[in-house]
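Please read the structure below before turning to the comments.
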Amino acid sequence: MSTTDLVNSANIVEEHGERNTRRAFLASAGAAGLCYTAALAYPIYRYLASPEEMALSATAVTEVTLKDAQKLPAGSVLMYKFGTRPAMLIHHADGRWISMTAVCTHLGCTVQYEPQADRVHCACHGGVYNAYTGANVSGPPPKPLTVYKVAVGDADVTVSRA
Amino acid sequence: MTAKTITSNVYDWVDERLGLSELAAFARHKSVPVHAQSFWYYWGGISLFLFLVQCFTGVLLLVYYRPGAEAYESVRQITFVMHFGWLIRSAHSWSANLMIFSILVHMFSVFFMKAYRKPREFGWLSGMALLGVASVFGFSGYLLPMDELSYFATKVGLEIPMAIPWIGPIIANMLRGGPEVSEFTVQRFFALHVVVLPALFLPLLGFHLWLVQRHGNAVPPAEEAKPANERKSMPFMPNFLRKDLAMWLISLNILALLASVFPWSLGKQYDSLAPAPMGIHPEWYFMSPFEMLKILGSFLPGAVGEIAGILLFTLGIVLWVLIPFYDPKSEAGKRARIAHYFGLLAVFALLSTTLIGYWTIR
């Protein structure tokens, strides 16, 4: 065999040993690739999930103090955030203070207090709740609205989980 | 039906419609010349890899960045509040610098190997256009955090077009969105950086890469002079590809080390009333024209000096871009040598003015 033939055969013909080394190379390259992917994926996941994690610590809230809320006139409502979810504080015409979550139990729309009808109504699908007990009175909502404990102070109103 | 027959059936189905086997045949026959200068063949690929890193980290930053009035605050949040935000921002800033560095290495190696000669003139021209767009990427991106350094670097940088007679101030005001660098400027630069420049860069890059596939790697004149049977080469698949990917891995490792061990800092929020901080200077890749203008300004004061400086620099760039038309022949000759010396002069001028620039920072 001339030198060119040898060179050609070395280039083209795969030795059995070379096939094994190729498999070994691909396996190690694959493993290294997996490690690198994991090493990159972890910080990227944490980065993109940051607001989620920040919200999670916010939902751990058990008590909210609403400054100057004691000035709320009778027969009106104050919308506020309990943790990350909307909630309502109602100062009823008869003097009672009621607070409940404002997230409709049907599909999550924010409900509203209607003073003239003295009820809580959801505009999305017509759900109606009792404005004193949070009970689901009519329409699609399957569960009542969670009612919070209200403590009216001199300079603020404190709402806490019941 | 084994997994093997299923995969080969799927492959045949796609191949009949997209012609994958033609691509595979092309890749199998592609070869890369092997000689003393083969090391420089990696640098285009390294530049491409770093650009891909920029796209990736850029999109991640885009998730939390807010252009306009809240720019600084959003970057502060990315750097100090979002988990690993500091790392992603650091990788983006470091990779920007490494990318420009590798593009310059790539450009100079192409120049000295005379790879701009026929039939590769379009490769050279598209490459120079890519370098131009990459510089604007760097300039526009630098402003986005709106800290003191960003603000002053942009302010000073925009003084350069201001010096051009008649149309200069119009261009500068259009870029700035007014007479001063403000929230309008950052919004404009954001649009440039995230939409306009990628829309320019990507087709140019596609063209540039397609040309490399079409014409193959150029071989330096000394190698070309050798008879064909003395020239060595290696197959692209898998030999060169393996080495190419190894270089990408090394680049990734270096970037990861730099980004995490030397994290990019965030200065104070910009203040339009504050005086320029002591030792203000542009990033290293703009240091050269900055210093050249300073040196010329000491000989020819005022507007004359500025215009002379801009003209000199523009002339240098134009001559550089047109080199394939000055040095087209394949044999070594007088023009080939002059082009070579011009390249050495350019390297010397850029290096020395950059170093002087850093040396004279107060």
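What follows is calculated from the coordinates using simple rules that are stated; it is not laboratory data. A quick note: this is a predicted structure, and the numbers were derived from the prediction, not measured. Virtual Cβ from ideal backbone geometry, glycine too; neighbours counted across all protein chains shown.
List of remarks:
- Checking each residue in the range B:109-124 for being surrounded by 17 or more Cβ atoms within 10 Å (Cβ to Cβ) and in a helix (DSSP H, G or I) picks out B:SER109, B:VAL110, B:PHE111, B:GLY123, B:TRP124.
- Residue that is farthest from the chain's Cα centre (by Cα) [pool: residues in the range A:38-83 that are away from every other protein chain (no Cβ under 14 Å) and in a helix (DSSP H, G or I)]: A:LYS71
- Positions within the range A:106-159 being among the aliphatic types (A, V, I, L, M) and not in a strand (DSSP E or B), in sequence order: A:LEU107, A:VAL111, A:ALA117, A:ALA123, A:ALA131, A:ALA135, A:LEU145, A:ALA155
- Residues (away from chain A (no Cβ under 12 Å) and free of Cβ contacts under 8 Å to residues at least 24 places away in the same chain) located in the range B:74-86: B:SER74
- Residue count for the range B:169-203, restricted to those that are under 26 Å from B:ALA274 (Cα atoms), surrounded by fewer than 18 Cβ atoms within 10 Å (Cβ to Cβ) and of a type outside the set (S, T, N, Q): 10
- Looking across the range B:19-73, just one residue is small (Gly, Ala, Ser), within 22 Å of B:LEU144 (Cβ to Cβ) and within 14 Å of chain A (Cβ to nearest Cβ), and that is B:GLY58.
- The numbered conditions (1) aliphatic (A, V, I, L, M); (2) in a helix (DSSP H, G or I); (3) more than 19 Å from B:SER251 (Cβ to Cβ); (4) within 14 Å of chain A (Cβ to nearest Cβ) are all true for B:ALA91 except (3).
- For the range B:289-318, filtering for residues that are over 18 Å from B:SER135 (Cβ atoms) and not charged (D, E, K, R) leaves 14.
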